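The values are calculated or read from the model by the stated rules, or taken from the named source; none is laboratory data. Computed from a predicted model, the values in this text were never measured in an experiment. Neighbour counts run over all protein chains shown; Cβ positions are idealised from the backbone, glycine included. With ligands, DNA and RNA removed, areas are computed over all heavy atoms of the protein, side chains included. Shrake-Rupley method; radii C 1.70, N 1.55, O 1.52, S 1.80 Å.
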Amino acid sequence: MQMNFHRKLPIPQQVKNRYPLTERMAQVKAERDESIRAVFEGRSDKFILIIGPCSADHNEPVLEYLSRLRKLSEQVKDKIIMIPRVYTNKPRTTGQGYKGMLHQPDPEAKPDMFKGIVAIRELHMTALKDYDFSCADEMLYPENYRYLSDLLSYVAVGARSVENQQHRLTASGVEAPVGMKNPTGGDLSVMMNAILAAQSSHTFIYRGWEVTSSGNPCAHAILRGYVNYAGSSISNYHYEDLLRVKELYAKANLVNPAVIVDTNHNNSGKQYLEQVRIAKDIVHSRNQNGDIKQLVKGLMIESYLEDGAQSTGEHVFGKSITDPCLGWEKTERLVLDIAEKL
């Protein structure tokens, strides 16, 4: 057993120096960061939609999606803050399959991590420069967060990563809000412990440095459903589930209690069309209970240009090559419906 070392990759600061933000881009991001942080801190009652493809697989369809989302965002901006999902690295349960743009800028070519680092930075920069969107990405690899730290307005720690110490400690030093998903087995105490760790200060090793984090007061819960002992999907977005998380927050004495509900994954049983019903159900729960309205800050929705999913070699423009997504027409209708019912 061995690892072959191919080449030394540039450190994040070198990449940032080569691909810097303009003053205008930095200003747009700062303004968005403040508006998003205000929601998680309870200073704004706007609703957050973290929305977009399961994986950012090709530049062209992702940017076409963002152009449409920009126009839709303008229609609902009084009530909703859009944070596009531009997920550039993907966890794989068995380690097999497409691992995201970071690994493969071309999904049909061999992995190239250097090209991948450049590609994901350029994609996030284009989202900010051309569409005024600072986006969300998943922190699959904590040591890679710094390549995008000046571009991201939201970071998610996935269900397979939430128990990992390095993810929790790194989240405690991230400036953006970080969502900690419940683990695939569904134990909410694991999620709450992750939030506590992320909200606390730590001294640890990061990229070869001894660092001290200040704690992230906007670390919060993401409910995504779970898998039971028999392998069946169990949802955890219902009225009673949300009240249970409210109680867990009170017992843990954490600041800024907040939940984002993931409408896909095990909440939908990966039946992507169910996202429409689930999203409306959560908005209804918020409207029925003031505590839930205060707790649930928004939704995660997997959405792309075309309904469903395809295999890597099919070449349908804007159709997911990982988990199936809502197509654009259904997405637009759902977002407008959510805005009307908020």
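Counting alpha carbon pairs within less than 8 Å and at least 6 residues apart, what relative contact order, in whole percent, applies to the stretch 257-342?
Numbers: 127 pairs, mean separation 25.5, N = 86.
Reported relative contact order: 30 percent.
As an exercise, use a Förster radius of 30 Å and the Cβ-Cβ distance of residue 232 and residue 316 to find the FRET efficiency, rounded to the nearest 0.05.
Using R0 = 30 Å, I get an efficiency of 0.50.
Counting C-alpha atoms alone, how compact is the stretch 25-153: give Rg to one decimal and Dmax as a whole number, in angstrom.
14.9, 47
Per residue of the stretch 156-161, what does 6.51 cos²θ - 1.76 cosθ + 1.60 with θ = phi - 60° give for ³J(HN,Hα)? Whole Hz please, x for Gly and Pro, Karplus curve as stated.
Listing the rounded values in order: 10, 9, x, 5, 8, 9 Hz.
Accessible area per residue for the stretch 295-342 in Å², computed with a 1.4 Å probe and the full protein assembly in place, what is it?
Numbers: 1840 Å² over 48 residues.
It amounts to 38 Å² per residue over the stretch 295-342.
If amide hydrogens are placed 1.01 Å from N in the peptide plane, which non-local residues have theirs closer than 5 Å to the one on residue 158?
So residue 158 has HN proximity to 139.
Rounded to the nearest percent, how much of the accessible area of the chain (1.4 Å probe, protein heavy atoms only) is carbon and sulfur?
Ligands and nucleic acids excluded, carbon and sulfur give 48 percent.
Return the calculated 222 nm mean residue ellipticity for the chain, to the nearest 500 deg cm²/dmol, obtained by summing -39500 (n - 2.57) across DSSP H runs with n ≥ 4 and dividing by the residue count.
-12000 deg cm²/dmol
How many Å² of accessible area per residue for the stretch 1-71, probe 1.4 Å?
Result: 61 Å² of accessible area for each residue.
Given contacts defined as C-alpha pairs under 8 Å and at least six residues apart, what's the relative contact order of the chain, whole-number percent?
Computed value for the chain: 16 percent relative contact order.
Step through the residues of the stretch 170-181 one at a time and calculate ³J(HN,Hα) from phi using the Karplus curve (6.51 cos²θ - 1.76 cosθ + 1.60, θ = phi - 60°), rounding each to whole Hz and writing x for Gly and Pro.
Coupling constants for the stretch 170-181: 5, 4, 5, x, 7, 6, 7, x, 10, x, 9, 6 Hz.
Which of the helices in the chain meet the span-like rule: DSSP H, Cα axial reach of 24 Å or more, Kyte-Doolittle mean at least 1.0?
none
Given points 7 Å out from each Cα along the Cα-Cβ axis, report the residue 75 to residue 166 separation in nanometres with one decimal.
Between residue 75 and residue 166, the label points sit 4.4 nm apart.
Based on DSSP loop calls and a cut-off of at most 12 other Cβ atoms within 10 Å, the longest stretch of the chain free of exposed GluC sites (Glu not before Pro) is what?
Numbers: sites that count: 108, 314.
By the stated rule (loop sites, at most 12 other Cβ atoms within 10 Å), 109-313.
Assuming 0.36 nm per residue, please report the length gained on full extension of the stretch residue 204 to residue 17 beyond their Cα-Cα distance.
This chain segment gains 64.7 nm when fully extended.
Can you figure out the FRET efficiency of residue 8 with residue 211, using R₀ = 22 Å and their beta-carbon distance, to the nearest 0.05? Could you put the intermediate results ahead of the total?
Details: r = 21 Å, r/R0 = 0.97.
It comes out at approximately 0.55.
Counting pairs of alpha carbon atoms under 8 Å apart in space and at least six apart in sequence, what relative contact order in percent does the stretch 29-182 give? Before the final figure, lay out the partial values.
Numbers: 243 pairs, mean separation 32.0, N = 154.
Relative contact order here is 21 percent.
Where in the stretch 162-259 are there chymotrypsin sites (Phe, Trp or Tyr not before Pro) that are in a DSSP coil and have at most 16 other Cβ atoms within 10 angstrom of their Cβ?
Values: sites: 204, 206, 209, 226, 229, 237, 239, 249; in loops: 229, 237.
Answer by residue number: 229.
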